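Worksheet: the structure to be examined is printed underneath.
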Amino acid sequence: MAHVFDLRKFVAPESVFGEGAAGLAGQYARNLGARKVLLVSDPGVRDAGWLDLVRGSLDDEGLDVSLYLNVSPNPRDHQVMQGAEQYGRDGCDCIVAVGGGSPMDLAKGVGIVHSNLRHILEFEGADRVDRPAPPLICVPTTAGSSADVSQFAIITDTARKVKIAIVSKTLVPDAALIDPLTTTTMSAELTAETGMDALSHAMEAFASNANGPLTDLLALDAMRRVRTNLPKAIAAPDDLEARGGMMLGSMEAGLAFSNAILGAVHAMAHSLGGYMDLPHGLCNAILLPHVVDRNFQSAPERYMKAAEALGCAARTPDAARVELGKTLMDLNREVGMDKGLAELGVTRESLRALAEKAAQDPCLTTNPAELSVEDIEAIYERALG
């Protein structure tokens, strides 16, 4: 059982939170000594107008820019290598990432590839990065991935069809410029997917066997904020109070999971994302109630506190287990994520391969229950719908 005096490390970037933060990118890049910036984003963010905002701030500081937009959802290994080649070819000395988890994860990959002169797949696992990356500034435009505050990068190994996790404090950005206004252009679907990703981060960090007092505080508050604000942000996209609540909850959840790590939800979602290229947040939303139900008996006190944070009134473990599962299912329904994996094209025949890949994911190490390949396969089967 974890004790308050157990050794724990906590890493976090310098963060600026609030309306107008995105426009500080140029100032921060200049303060970090930049002369030419690799600006990493994707076409959707460009079309929403946020890329122009950030580029304008870089122009205002007289910084040269090399633009890289070849970023797909579940960013690929070859995209990282292409970005690193462009970074070196164009003489860049700083990276600014604008977007959701995909541009930010790709930007992290570009940085460590450039500084270590190694292929991105060679960094898989924890603490495999020898040399720090060039300065990195992240401007998140979604409230969920939290890549802007985490020491994680998730990259798709296209040959093996698996998403690898790279974990290193060298991946913590130098600055996170967190502006709730940038999330107002998200669709209802993307708002829901990223919001449920944030909730999964918070719940897995809280239940993790590497939890600590600081991550607990952040995770519990993140759960409350997501439960309160996610339906509001979907119903009223321009509600800055709700968007701000979601952005703050996402940041809290990110700081929590970056330091306490995650669990089976993310291990299984990574397998689905790598093997079938499915949306990460949607996979998390579908899997979360089933993983929580399987894990509950291994950490009942923790899940009872999580249930309370989400508004459940149950006072016994058995009642809390039932009510928490219902609450998560109801929330999925409320935000339009009430699907089964079968609707996404997952078949019973693929479950064994998916479970074997998930069993190798480092996130499983901190899951409160020890799960075999058979256990994981059984959870997938329940989540088929």
TODO: Could you please let me know if N229 is in a loop (DSSP other than H, G, I, E, B), over 22 Å from E124 (Cβ atoms) and out of contact with any strand residue (DSSP E or B) (no Cβ under 6 Å at 6 or more places or on another chain)?
DONE: no
Open item on the list: Could you tell me how many of the residues in segment 131-172 are among the basic types (K, R) and either in contact with a Leu (Cβ under 7 Å, 6 or more places away or on another chain) or crowded, with 24+ Cβ neighbours inside 10 Å (or both)?
Closed with: 1
Open item on the list: Which condition from (1) surrounded by fewer than 24 Cβ atoms within 10 Å (Cβ to Cβ); (2) touching a residue at least 40 places away in the same chain (Cβ under 8 Å); (3) at negative phi; (4) not hydrophobic (A, V, I, L, M, F, W, C) is the one that D127 breaks?
Closed with: (3)
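Looking only at segment 168-190, decide whether some residue is of a type in the set (A, V, I, L, M, F, W, C), within 30 Å of D93 (Cβ to Cβ) and part of a helix (DSSP H, G or I).
Within segment 168-190 (the criterion being of a type in the set (A, V, I, L, M, F, W, C), within 30 Å of D93 (Cβ to Cβ) and part of a helix (DSSP H, G or I)), the answer is yes, since at least one residue qualifies.
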- [ ] Kindly list the number of the only condition in (1) closer than 23 Å to G325 by Cα; (2) surrounded by fewer than 22 Cβ atoms within 10 Å (Cβ to Cβ) that fails for L230.
- [x] (2)
- [ ] Please go through segment 24-65 and pick out each residue that is of a type in the set (D, E), more than 25 Å from S187 (Cα to Cα) and part of a helix (DSSP H, G or I).
- [x] D59, D60
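Can you tell me which residue among Y303, Y275 is hydroxyl-bearing (S, T, Y), in contact with a strand residue (DSSP E or B) (Cβ under 9 Å, 6 or more places away or on another chain), in a helix (DSSP H, G or I) and crowded, with 16+ Cβ neighbours inside 10 Å?
Numbers: Y303 fails: in contact with a strand residue (DSSP E or B) (Cβ under 9 Å, 6 or more places away or on another chain).
Unique residue meeting the criteria: Y275.
Considering segment 70-95 alone, what residues qualify as being surrounded by 15 or more Cβ atoms within 10 Å (Cβ to Cβ), part of a loop (DSSP other than H, G, I, E, B) and either modelled with pLDDT of 95 or more or hydroxyl-bearing (S, T, Y) (or both)?
Taking segment 70-95 first, the residues surrounded by 15 or more Cβ atoms within 10 Å (Cβ to Cβ) are 70-71, 73-77, 79-84, 86-87, 90, 92-95.
Now drop any that are not part of a loop (DSSP other than H, G, I, E, B), which leaves 70-71, 73-75, 90, 92-93.
Selection gives N70, V71, P75, D90, C92, D93.
Take the conditions surrounded by fewer than 16 Cβ atoms within 10 Å (Cβ to Cβ), modelled with pLDDT of 95 or more and in the same structural domain as Q151 (by TED's automatic domain parsing) and apply them to G26. Does it pass? Steps first, answer last, please.
Values: surrounded by fewer than 16 Cβ atoms within 10 Å (Cβ to Cβ): no; modelled with pLDDT of 95 or more: yes; in the same structural domain as Q151 (by TED's automatic domain parsing): yes.
No, not satisfied.
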TODO: Restrict the check to segment 236-246 and report whether at least one residue is in contact with a Ser or Thr (Cβ under 6 Å, 6 or more places away or on another chain) and surrounded by 24 or more Cβ atoms within 10 Å (Cβ to Cβ).
DONE: yes
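Here's the yes/no breakdown for (1) in a helix (DSSP H, G or I); (2) crowded, with 24+ Cβ neighbours inside 10 Å; (3) small (G, A, S); (4) without any contact (Cβ under 8 Å) to a residue 12 or more places away in the chain:
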position: E193; (1), (2), (3), (4): yes, yes, no, no
position: D197; (1), (2), (3), (4): yes, yes, no, no
position: A202; (1), (2), (3), (4): yes, yes, yes, no
position: A205; (1), (2), (3), (4): yes, yes, yes, no
position: N209; (1), (2), (3), (4): no, no, no, no
position: A219; (1), (2), (3), (4): yes, yes, yes, no
position: A222; (1), (2), (3), (4): yes, yes, yes, no
Open item on the list: Would you confirm, using the coordinates I've provided, whether V322 is among the hydrophobic types (A, V, I, L, M, F, W, C), in a helix (DSSP H, G or I) and free of Cβ contacts under 8 Å to residues at least 40 places away in the same chain?
Closed with: yes
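A quick yes/no check of all residues on (1) within 17 Å of the chain's Cα centre (by Cα); (2) farther than 30 Å from P134 by Cβ; (3) in contact (Cβ under 8 Å) with a residue 60 or more places away in the chain; (4) not assigned by TED's automatic domain parsing to the domain that holds G33:
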{"position": "Q151", "(1), (2), (3), (4)": "yes, no, yes, no"}
{"position": "L171", "(1), (2), (3), (4)": "yes, no, yes, no"}
{"position": "A175", "(1), (2), (3), (4)": "yes, no, yes, no"}
{"position": "G212", "(1), (2), (3), (4)": "no, yes, yes, yes"}
{"position": "T215", "(1), (2), (3), (4)": "yes, no, yes, yes"}
{"position": "K232", "(1), (2), (3), (4)": "no, yes, no, yes"}
{"position": "A235", "(1), (2), (3), (4)": "no, yes, no, yes"}
{"position": "E252", "(1), (2), (3), (4)": "yes, no, no, yes"}
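The values are calculated or read from the model by the stated rules, or taken from the named source; none is laboratory data. Here the structure is a predicted model, which means the values were calculated and not measured. Every residue, glycine among them, receives a Cβ derived from its backbone with ideal geometry; neighbour counts consider all protein chains shown.
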